[in-house]
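Some notes on the structure that comes next.
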Amino acid sequence: MIETAQQFGPGARLVGVLTRPETQPETRPETRPEGPASPKLAWLLFNAGVIGRVGAHRINVKLARQLAQRGEVVLRFDLSGRGDSRFALQDAQPEEQSVRDLQAAMDHLERTLGIRQFAVIGFCSGAMDAYWTGLADTRIRAMLMFDGFWYRTRWTMPIRNLKRLLGSPPQATWRAARRRVQDLARVERADSEPATTLFSPGNNPARDEFAGAMQQFADRGVAVRLVYSGSVLDYYSYGAQFRQVFRGEPWLGRVRCDYRPDIDHMFLTLDTQRRISELVVDWLPEVRSACSHAG
């Protein structure tokens, strides 16, 4: 495994680290045709909110190195104005700038390594960046969104309340039970209410808009995987929630969704870091298949 610092994008203002297997040479001609020695795929890892490119508790570093040990090329980098990357030369809305930065990373790897297909892993707000970039650029062939967008059903809050109640210490059970009963009496929610969240305030697309995007990805053969942690009970509280919100959608069987209450949002322990790493590694065949079918 070899790791090298990278500067790229307009004015070389973006900074990252390229992690690659030792068998994959790094070449830097202006153009490099794709051939047998050229990888077909690269992975992009980047910021979750204001956390630098290393990721929460260095999860991006660990993922990049594990993927490289399995023959994958990974670029982890800071978006404009975060970590070691400088602010962009031109003003843009954050969502638009993130798309530009991810496209700059793809342009850089296409120019230097001849790679034209990409898998993106987005944690928290990074999941939203991955989503918008996937809609804007067909070079995205695989996308993992972790605690990104979510949609409640009428059961989300009752199940959340029950889980909180069962997890309360005995001395707090009675007080919690009274509050939960009051909450249950007030629950009159639609089957697919968009949730305004601490992690994505006001950024959830409408249900139909999100469903349309998933259909686009399915039509393009993009490997999409959504993962929800056990830290967001207010918004995602049980395994069947996603299927219930989007029941009847023709793409539902082609988008993978996992509820993982055994993984926390910030990967606080070595055990949860191992679990998310295993999840990504287990996803590898599906990602490679999506790239292979694309050509």
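Looking only at residues of region 77-102 that are in a loop (DSSP other than H, G, I, E, B) and within 17 Å of Leu18 (Cα to Cα), we find that the one that is most open to solvent (accessible area, probe 1.4 Å) is Asp84.
Look through Arg225, Arg256, Arg243 and report the one residue that is surrounded by fewer than 16 Cβ atoms within 10 Å (Cβ to Cβ) and either touching a strand residue (DSSP E or B) at 6+ places or on another chain (Cβ under 6 Å) or in a strand (DSSP E or B) (or both).
Selected residue: Arg256, the only one of Arg225, Arg256, Arg243 that is surrounded by fewer than 16 Cβ atoms within 10 Å (Cβ to Cβ) and either touching a strand residue (DSSP E or B) at 6+ places or on another chain (Cβ under 6 Å) or in a strand (DSSP E or B) (or both).
Any residue that is in contact (Cβ under 8 Å) with a residue 24 or more places away in the chain, assigned to a helix (DSSP H, G or I) and more than 30 Å from Asp208 (Cβ to Cβ) - is there at least one of those in region 138-158? For region 138-158, residues in contact (Cβ under 8 Å) with a residue 24 or more places away in the chain, assigned to a helix (DSSP H, G or I) and more than 30 Å from Asp208 (Cβ to Cβ): absent. Residues being within 26 Å of Phe246 (Cα to Cα), assigned to a strand (DSSP E or B) and open to solvent by 10 Å² or more (accessible area, probe 1.4 Å) are represented in region 121-133 by at least one member.
The values are calculated or read from the model by the stated rules, or taken from the named source; none is laboratory data. Keep in mind that what you see is a predicted model, and the values were worked out from it rather than measured. Neighbour counts are summed over all protein chains in view; Cβ atoms, including those assigned to glycine, are modelled from backbone coordinates with ideal geometry. Remember, those area values only see protein heavy atoms, side chains included, never the ligands or the DNA or RNA. Shrake-Rupley method; radii C 1.70, N 1.55, O 1.52, S 1.80 Å.
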